[in-house]
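Participant: Below is one structure. I have some questions about it.
Just so it is clear, none of the values below were taken in a lab; they were calculated from the coordinates. These figures come from a predicted structure and were not determined experimentally. So basically every Cβ, Gly included, is an ideal-geometry build from the backbone, and we count neighbours across all protein chains shown.
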Amino acid sequence: MRNLRSVLLALPLSVLVLAGCIDADWEESPRGTRAEPTATGPAVQDEFRTALRRLQAAPYRFTADSELTVATRITATGVHDPKAHRIARTYRVTGDDPLQAIVIGDDSYSRINDSEPWQHSSVGTFATVTGFDQKDPTGLARFAENVTSVERTGAHAYRGSFVLPKRSRYLPLGIPALEMTARSAGDFIAATDQQGNIASIGTVVRTPDLTFVMTTKFSDHGKTVTIARPKNITG
């Protein structure tokens, strides 16, 4: 059985990079073509930020797929209930066993793979070791604060830019793991559903040596979710 610290140190992965500014002319998707904007300006930026705030105010589910290096990929699924202060995530880093974490109020529960017991700790301990942000566990609030420009490219599509302050860690959205050692910038594309809810956000950050491509999808906006205290707990 792994001890608590070894489990916590695996949640989440911290990637330290020296980042530079990215190309301004990012394609509409990492493999696609760039669309012309249909609307720009402060009103569009406010519209997008309002959609982000609405997403953060009610329960939702998410999936994340992030290519951090050629050999390092993080995939994740999770559910977050912001008002209840509860979040559950399962994710996998390339080459490692699946990692699971549940936070309910001031308590956290972590384990590596389904065969081991859950290890309990306070959220304070969990945050100290992993960098977990109880107020913004999926990084959405910090992302919204750092968006610098937004254009609408379709009825349900946006693109824009954001900054990453030095030592910031809010990407990938859903499972923040990428820590920058210098101030940097990135580009994003986003899509909303027919009700105007955020359905997906794709981000790209380029450094002189690496390109980080991250996509997070959101679903079940505002629907009731159950995040319960697990069984088989130690610690």
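Participant: What do you get for trypsin sites (Lys or Arg not before Pro) in the range 76-138 restricted to DSSP loop and a cutoff of at most 14 other Cβ within 10 Å of the site's Cβ?
Facilitator: Filter output for the range 76-138: LYS83, LYS135.
Participant: Charges only on Cβ, +1 for Lys and Arg, -1 for Asp and Glu: so what's the dipole of the range 4-234 about the Cα centre, in debye to the nearest 20?
Facilitator: The dipole magnitude comes to about 540 debye.
Participant: Check cross-link reach from LYS83 to the lysines: straight Cα distance under 25 Å, and skip same-chain residues fewer than eight apart.
Facilitator: LYS135, LYS217, LYS223, LYS231
Participant: What net charge is computed for the residues neighbouring ILE104, neighbours being all others with C-beta under 11 Å from the C-beta of ILE104, Lys and Arg scored +1, Asp and Glu -1?
Facilitator: -1
Participant: Still on this structure, please answer the following. Using Cβ contacts closer than 10 Å as the measure, can you line up THR38, THR226, THR90 from fewest to most?
Facilitator: Starting with the residue having the fewest Cβ neighbours, the order is THR226, THR38, THR90.
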